[in-house]
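Taking it in order: structure first as structure tokens, then the write-up.
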Amino acid sequence: MEQDRSRELAERLAEVRDRIADACGHARRSVDEVALVAVTKTFPVEDLETLVTLGVTDIGENRDQEARAKHAASAHLQGVRWHFVGQLQTNKARSVAAYADVVHSVDRLSLIRALGRAATGAGRTVRCLLQVRFDPAPGPMGQRGGADPSELPELAAAVADEPALELGGVMGIPPLGADPRGFFERLRTVAVDLRRIHPEAHWISAGMSQDFDIAIEYGATHVRVGRRLLGERPTRR
Ligand SMILES: *Cc1c(COP(=O)(O)O)cnc(C)c1O
């Protein structure tokens, strides 16, 4: 059983890495420019450990409670970077800042202040990506993640002002049914604008299982892949 799962994960990982390499080839980019974040939400910590054994260094989770438990259960693993990719309530900032190395979903001042305080208190540095949305309407599942592009300068300055936070760049999720190319293109434009003021903020977190190869064409530096690596998730959300 366990060995079968390890073999399955190894095959899936090899396939994803191949696709990343192909997409980089098409885009004339080096594979070193694209990091794979394995989104392990809903899957057991054993899968996460297997992936790390296979060379995965970046783990993504989207719920605090689950992420926190998995982080504690895998404390013996060395060199894992933890990415919090989900919508984040301000009252969870303290918990998340205790284990997350990167938060991809930073989209408002109150959250930046809470994360800044929490990271300072924990004696840690947390890298923040500003999540952007281009559509003022709520997202496909009613969620409202993301800041309007016009808010980015203010949010970026607020992150830069927090000694325990680092401004990493931007993150985006194309709305369901939207043309991902148009979305990723706009995200890249916003990222270029941000870098004019904050040259260090060069990360673009974009692309999931169904569109990471397209995101790489448009400059993604971090792709967040779940199902293609781990299989279908039991439905939840
Ligand atoms: C679940 C999730 C992913 C991974 O999605 P897949 O379709 O499984 O690849 C990426 N980003 C965020 C924010 C997620 O919540």
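The values are calculated or read from the model by the stated rules, or taken from the named source; none is laboratory data. Bear in mind the structure is a predicted one, so any value in this text is a computation, not a measurement. Cβ placement follows ideal geometry from the backbone for every residue including glycine, while neighbour counts extend to all protein chains displayed.
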Inset, instruction - Could you list all residues from region 84-106 that are farther than 19 Å from residue 203 by Cα, within 15 Å of the ligand (Cβ to nearest atom) and aromatic (Phe, Trp, Tyr)? - result: none
Legend entry - Among residues of region 36-56, those that are assigned to a helix (DSSP H, G or I) and touching an Asp or Glu at 6+ places or on another chain (Cβ under 8 Å), counted: 1
Inset, instruction - For region 149-180, enumerate the residues that are of a type outside the set (A, V, I, L, M, F, W, C), more than 14 Å from residue 215 (Cα to Cα) and more than 16 Å from the ligand (Cβ to nearest atom). - result: 149, 150, 151, 153, 154, 161, 162, 163, 166
Inset, instruction - Identify all residues within region 180-207 that are hydrophobic (A, V, I, L, M, F, W, C) and in contact (Cβ under 8 Å) with a residue 60 or more places away in the chain; write none if there are none. - result: 194, 203
Inset, instruction - Considering each of 150, 95 in turn, give the residue that is closer than 30 Å to residue 78 by Cα and not in a loop (DSSP other than H, G, I, E, B). - result: 95
Inset, instruction - Take residue 11 and decide whether it is among the acidic types (Asp, Glu) and free of Cβ contacts under 8 Å to residues at least 12 places away in the same chain. - result: yes
Legend entry - Flag for residue 48 being away from the ligand (no atom under 12 Å from the Cβ) and modelled with pLDDT of 95 or more: yes
Inset, instruction - Report, ordered by the first and then the second residue, all pairs with beta carbons closer than 9 Å, sequence separation of six or more or different chains, a first member in region 35-48 that is closer than 29 Å to residue 217 by Cα and touching a residue at least 60 places away in the same chain (Cβ under 8 Å), and a second member that is aromatic (Phe, Trp, Tyr) and near the ligand (Cβ under 9 Å from one of its atoms). - result: 36/212
Inset, instruction - Would you point out the residue of region 98-119, among those that are in contact with a helix residue (DSSP H, G or I) (Cβ under 9 Å, 6 or more places away or on another chain) and not in a helix (DSSP H, G or I), that is farthest from residue 57 (Cα to Cα)? - result: 108
Inset, instruction - Go through (1) in a helix (DSSP H, G or I); (2) over 20 Å from residue 235 (Cβ atoms); (3) of a type outside the set (Ser, Thr, Tyr); (4) within 16 Å of the ligand (Cβ to nearest atom) one by one and return the number of the condition residue 59 breaks. - result: (1)
Inset, instruction - Quick one: residue 6 ticks every box in (1) part of a helix (DSSP H, G or I); (2) closer than 30 Å to residue 92 by Cβ except a single one, so which number is it? - result: (2)
Legend entry - Scan of region 181-237 for residues that are more than 16 Å from the ligand (Cβ to nearest atom), among the small types (Gly, Ala, Ser) and surrounded by 19 or more Cβ atoms within 10 Å (Cβ to Cβ), ordered by number: 191, 201, 219
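Quick test for you: out of 206, 215, 220, 201, pick the one residue that is within 15 Å of the chain's Cα centre (by Cα) and over 19 Å from residue 25 (Cβ atoms).
Numbers: 206 fails: over 19 Å from residue 25 (Cβ atoms); 215 fails: over 19 Å from residue 25 (Cβ atoms); 220 fails: over 19 Å from residue 25 (Cβ atoms).
After applying the criteria, what remains is 201.
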Inset, instruction - Would you be able to say whether some residue in region 15-33 is touching a residue at least 12 places away in the same chain (Cβ under 8 Å) and not in a helix (DSSP H, G or I)? - result: yes
